[in-house]
Amino acid sequence: MTRLVLSEAGQSVVSGTFSRAMKHAGEALASMSGRRVEVQAPELRRCTAGDVITMAGGPEYVVLAIYAAFAGSLRGHALLLFSPLDAHRLARILVSDLRHPQEPSPTSGVLLSFDELELSALQEVGNVTISAFLNEVGMHLHEPISPTPPQVVVEMVGAVLDAVLLDLVGESDQVLAAGTTFSEGGQPIDGTLFVLPRPESLPILLDALGAAGI
Amino acid sequence: MTLTESPTLLVAGIGEMVLSSDPDSHLVAYGLGSCVALAAWDPDRRIGGLAHFMLPSGPTGSGGPVKFIATGLDTFLQALQGEGANMSRTLFKAAGAAAMLTLGKGISIGQRNHEAILAAMAERNLALAANALGGSAGRTVQLEVADGRFLIKSLSSTTEI
């Protein structure tokens with residue numbers, strides 16, 4: 001059984017790196033949306049599958065989730081979550097230049113529906129944000145970490161997260177979850193990024209960060 | 001796990017099970033994706049149970065009492081019988097095992113859970129009276145202990161099976 005062993009000191013080192021990576025992710029999101037984006041200090045926790053779902057809003061909370069797995073020297077899962085309303089707001093910002101000014105959104109008023117253009121834009125938000133995070137962590141590992149093409153779903157948090165968590169908790173009851181919240185200036189748009197490394201990747205990460213054995 | 005008399009809403013979290021003979025109680029599992037919820041209801045004794053399985057199998061001693069179908073199903077059945085349910089007349093219904101994300105190569109955890117619950121039930125000569133397994137939609141399920149109604153809610157609809 002792979003046990004999740006991470007001392008407080010090791011957690012602090014990982015947390016510092018993840019903080020910088022989350023900041024890069026926020027900057028990437030800001031650059032893409034043309035808005036100021038504030039990134040809260042990420043919370044790094046060792047927790048159970050149920051805890052992660054609670055951190056994300058609870059099992060029935062509906063989100064638009066942009067998911068990518070990542071592989072290479074660090075393996076795991078990344079999810080960028082928005083409430084459907086915030087996802088619509090973000091999509092409107094991103095695609096407004098591509099539509100005639102008078103053209104209404106084909107899905108205006110339909111909270112859980114997104115058209116192809118909106119989904120594509122949000123997929124790219126996930127791609128850019130998750131890649132920015134992974135590039136920063138990958139610099140320390142001296143080896144790129146490759147994300148899969150992002151997938152977008154609108155679903156209950158529990159349903160989105162359980163497959164991901166099941167992949168992590170088969171052999172260990174705890175996962176290491178890093179979560180942060182982005183807020184865009186002006187009209188608030190809150191998003192949450194979760195990064196869930198696979199337990200067997202953690203020693204590699206700690207070694208690369210100079211935190212092995214502490 | 002013992003019978004709970006007073007609460008009206010009993011929640012089976014991931015890897016957990018709930019049992020009740022209180023006719024006012026509803027047994028609920030929220031936001032199922034790849035997980036499987038198995039509902040059991042004895043119409044004579046009016047005892048209900050709901051188990052929220054995570055995975056087909058895995059190492060013993062980790063997670064909740066019904067984390068794995070391979071070991072947790074017997075735990076669930078024994079708990080039901082311990083409370084007086086008769087397996088020969090108990091109705092079983094299942095939901096979940098969806099696949100909404102492609103996590104990698106090979107078959108999805110949802111598909112593996114789907115196959116595992118059917119196989120585990122068949123091995124014990126038990127059948128599902130109804131099921132809503134598979135697909136790509138998340139589900140919240142609710143078993144009403146008074147009459148055995150099993151409701152399945154997704155983002156688009158609520159159905160009874």
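The values are calculated or read from the model by the stated rules, or taken from the named source; none is laboratory data. This is a predicted model, so every value here is computed, not measured. So basically every Cβ, Gly included, is an ideal-geometry build from the backbone, and we count neighbours across all protein chains shown. Accessible surface areas use protein heavy atoms only, side chains included; no ligands, DNA or RNA. Shrake-Rupley method; radii C 1.70, N 1.55, O 1.52, S 1.80 Å.
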Alpha-carbon radius of gyration plus Dmax, which is the widest Cα pair, for segment A:11-65 in Å: 13.7, 37
Extreme residue, positive dipole direction of the protein assembly as shown, given options A:Ser83, B:His114, A:Pro199 (C-beta unit charges): A:Pro199
Net charge contributed by nearby residues that have their C-beta within less than 9 Å of B:Thr8 (K/R +1, D/E -1): -2
Vicinal HN-Hα couplings computed from phi for segment B:23-33 (Karplus, 6.51 cos²θ - 1.76 cosθ + 1.60; Hz; Gly/Pro x): x, 8, 8, 10, 9, 10, 10, 8, x, 6, x
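Taking only the alpha-carbon atoms of the protein assembly as shown, what semi-axes of the equivalent ellipsoid follow from 5 times the gyration tensor eigenvalues under a square root, in whole Å, largest first? Write down the numbers at each step before the final one.
Values: eigenvalues 296, 132, 52 Å².
Semi-axis lengths for the protein assembly as shown are 38, 26, 16 Å.
How would you classify segment B:42-161 from its alpha-carbon gyration tensor, with a ≥ b ≥ c the square roots of the eigenvalues: rounded for a/c under 1.5, else prolate if a/b is greater than b/c, otherwise oblate? Spell out each step's value before the answer.
Working: a/c = 2.01, a/b = 1.24, b/c = 1.63.
Verdict is oblate for segment B:42-161.
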Cα centroid separation - segment A:58-96 against segment B:37-56, whole Å: 33 Å
Segment B:109-161 and segment B:62-105: distance between their alpha carbon centers, rounded to Å: 10 Å
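In whole percent, what relative contact order does segment B:27-161 give with Cα contacts below 8 Å and a gap of six or more residues?
Details: 292 pairs, mean separation 41.9, N = 135.
Reported relative contact order: 31 percent.
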J(HN,Hα) series, segment B:49-57, from Karplus relation 6.51 cos²θ - 1.76 cosθ + 1.60, nearest Hz, glycine and proline x: x, 9, 10, 10, 7, 9, 9, x, 7
10 Å Cβ neighbours from other chains, averaged over peptide A:149-161: 6
Note, ³J(HN,Hα) from phi for segment A:146-161, Karplus 6.51, -1.76, 1.60, rounded to Hz, x at Gly and Pro: 9, x, 6, x, x, 10, 10, 9, 10, 7, 5, 3, x, 5, 5, 7
Charge tally in the Cβ shell below 11 Å around B:His52, where Lys, Arg are +1 and Asp, Glu are -1, B:His52 excluded: -1
Chains B and A, summed buried accessible surface - 1.4 Å probe, Å², nearest 100: 2100 Å²
19 Å Cα-Cα reach of B:Lys153 towards aspartates and glutamates, excluding residues that sit fewer than 8 places from it in its own chain: A:Glu60, A:Glu155, A:Asp162, B:Glu144
Ranked by how many other beta carbons lie within 10 Å on average, peptides B:42-52, A:156-166 from highest: A:156-166, B:42-52
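How many partner chain Cβ atoms sit within 10 Å of a residue's Cβ in peptide B:22-33, on average, as a whole number? Provide the component values of the computation, followed by the final result.
Values: counts 0, 0, 0, 0, 0, 0, 2, 2, 9, 14, 5, 14.
Mean partner-chain Cβ count within 10 Å for B:22-33: 4.
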